[in-house]
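Student: Input: one structure, supplied below.
The values are calculated or read from the model by the stated rules, or taken from the named source; none is laboratory data. Model, not experiment: these values are computed from the prediction. So basically every Cβ, Gly included, is an ideal-geometry build from the backbone, and we count neighbours across all protein chains shown.
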Amino acid sequence: MARPPQDPQVRITEILNAAEPLFYSKGYHETAISDIAQKMGVAYGVVYYYFKSKEELLEALINRELSDFIAKIRMKIYAEHIPVRNKFQFLIQTLFQSLYRDEGLLFEFLHNDRSIHFIDKLSRQGNKLLSPILLEAIEEGNRNHYFNAPHPQVVMNIVLPILDSLIEGIYEKIPAEQLHYQFKLAEELIEIALGAEKDSIHIAIKKEF
């Protein structure tokens, strides 16, 4: 077995960087630990030194992507001085922009019946990280009278499933006309939940905010 580097995080990053493109090109279930090790030019035992299984490696990859997404949102929200009235929409728009990776979709290789438990975990973890940021945006909108949501947490409980349904529609690649209608309906429902002005929420698909 190759000797582990002094900084474990360096090797972990190398492993994740090697595994990620293989998962996209070959598929998660079709990629073996030996494939990852071969791409790195190390013995497969090196990968097992840091990850007990391929599933644990995938979870680390998911956590890294989610952490990067949340960090990007926080950096933009507080660094670019986005107007309060646009903050909630900006957060949602950034969420949908983050789904696209090169010519495909983020973690598209997991969207099959064999990996449904990973998709459920990804959704739950993502919602858990996103919820406090969206909640803050709702409360700030209330304070500035752009929203009229007496119970922000209840609004969160309504909005998150709506966003999940839109994400599911994108990954299922439903016809463009249906997807467009679904987005327009979602905008109206979110406006009602927020107590926002009509036509004040716009969610674009793969379009810069």
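Student: Considering only residues that are more than 21 Å from residue 135 (Cβ to Cβ) and among the hydrophobic types (A, V, I, L, M, F, W, C), look in segment 160-205 and name the one that is modelled with the lowest pLDDT.
Tutor: 205
Student: Would you be able to say whether some residue in segment 14-21 is within 18 Å of residue 122 (Cβ to Cβ), polar (S, T, N, Q) and surrounded by fewer than 16 Cβ atoms within 10 Å (Cβ to Cβ)? Let's see the steps before the verdict.
Tutor: Initial filter on segment 14-21 (within 18 Å of residue 122 (Cβ to Cβ)): 16, 19-20.
The next check asks that each one be polar (S, T, N, Q); those that pass are none.
Among the residues of segment 14-21, not one is within 18 Å of residue 122 (Cβ to Cβ), polar (S, T, N, Q) and surrounded by fewer than 16 Cβ atoms within 10 Å (Cβ to Cβ), which makes the answer no.
Student: Looking at (1) in a helix (DSSP H, G or I); (2) over 16 Å from the mean Cα position of the chain (by Cα), can you tell me which one residue 148 breaks?
Tutor: Result: residue 148 passes all but (1).
Student: Only one residue in 32, 60 is of a type in the set (Gly, Ala, Ser), over 18 Å from the mean Cα position of the chain (by Cα) and either farther than 20 Å from residue 122 by Cβ or not assigned by TED's automatic domain parsing to the domain that holds residue 118 (or both), so which one is that? It would help to see each step written out before you state the result.
Tutor: Working: 60 fails: over 18 Å from the mean Cα position of the chain (by Cα).
Being of a type in the set (Gly, Ala, Ser), over 18 Å from the mean Cα position of the chain (by Cα) and either farther than 20 Å from residue 122 by Cβ or not assigned by TED's automatic domain parsing to the domain that holds residue 118 (or both) holds for just one of 32, 60, which is 32.
Student: Residue check, residue 78 against (1) farther than 30 Å from residue 197 by Cα; (2) assigned by TED's automatic domain parsing to the domain that holds residue 112, all met but one. Which one?
Tutor: (1)
Student: Take residue 98 and decide whether it is under 28 Å from residue 197 (Cβ atoms) and without any contact (Cβ under 8 Å) to a residue 60 or more places away in the chain. Break it down into steps so the answer makes sense when it comes.
Tutor: Numbers: under 28 Å from residue 197 (Cβ atoms): yes; without any contact (Cβ under 8 Å) to a residue 60 or more places away in the chain: yes.
In short, yes.
Student: Checking the structure you have, find out if any residue of segment 108-123 is in contact with a helix residue (DSSP H, G or I) (Cβ under 9 Å, 6 or more places away or on another chain), closer than 23 Å to residue 26 by Cα, without any contact (Cβ under 8 Å) to a residue 40 or more places away in the chain and in a helix (DSSP H, G or I).
Tutor: Yes, that holds for at least one residue.
Student: Being at pLDDT 90 or above, assigned by TED's automatic domain parsing to the domain that holds residue 155 and closer than 30 Å to residue 205 by Cα is the requirement here; does residue 16 meet it?
Tutor: Values: at pLDDT 90 or above: yes; assigned by TED's automatic domain parsing to the domain that holds residue 155: no; closer than 30 Å to residue 205 by Cα: yes.
So residue 16 does not fit the description; no.
Student: Condition first: in contact with a Leu (Cβ under 9 Å, 6 or more places away or on another chain) and exposed (fewer than 14 other Cβ atoms within 10 Å of the Cβ). Now tell me which residues in segment 132-171 satisfy that.
Tutor: Matches in segment 132-171: 148, 153.
Student: Identify, please: which residue in segment 172-201 is assigned to a loop (DSSP other than H, G, I, E, B) and exposed (fewer than 12 other Cβ atoms within 10 Å of the Cβ) and is, among those, farthest from the chain's Cα centre (by Cα)?
Tutor: Step one: filter segment 172-201 for residues assigned to a loop (DSSP other than H, G, I, E, B), giving 173-175, 195-201.
Checking which are exposed (fewer than 12 other Cβ atoms within 10 Å of the Cβ) leaves us with 173, 175, 198-199.
Working: 173: 17, 175: 22, 198: 27, 199: 26 Å.
The extreme case among them is 198.
Student: For residue 161, work out the one condition from (1) without any contact (Cβ under 8 Å) to a residue 12 or more places away in the chain; (2) more than 15 Å from the chain's Cα centre (by Cα) it doesn't fulfil.
Tutor: Against the list (1) without any contact (Cβ under 8 Å) to a residue 12 or more places away in the chain; (2) more than 15 Å from the chain's Cα centre (by Cα), residue 161 comes up short only on (2).
Student: Can you name every residue in segment 27-52 that is small (Gly, Ala, Ser) and either crowded, with 17+ Cβ neighbours inside 10 Å or assigned to a helix (DSSP H, G or I) (or both)?
Tutor: Within segment 27-52, the subset small (Gly, Ala, Ser) is 27, 32, 34, 37, 41, 43, 45.
Result: 34, 37, 45.
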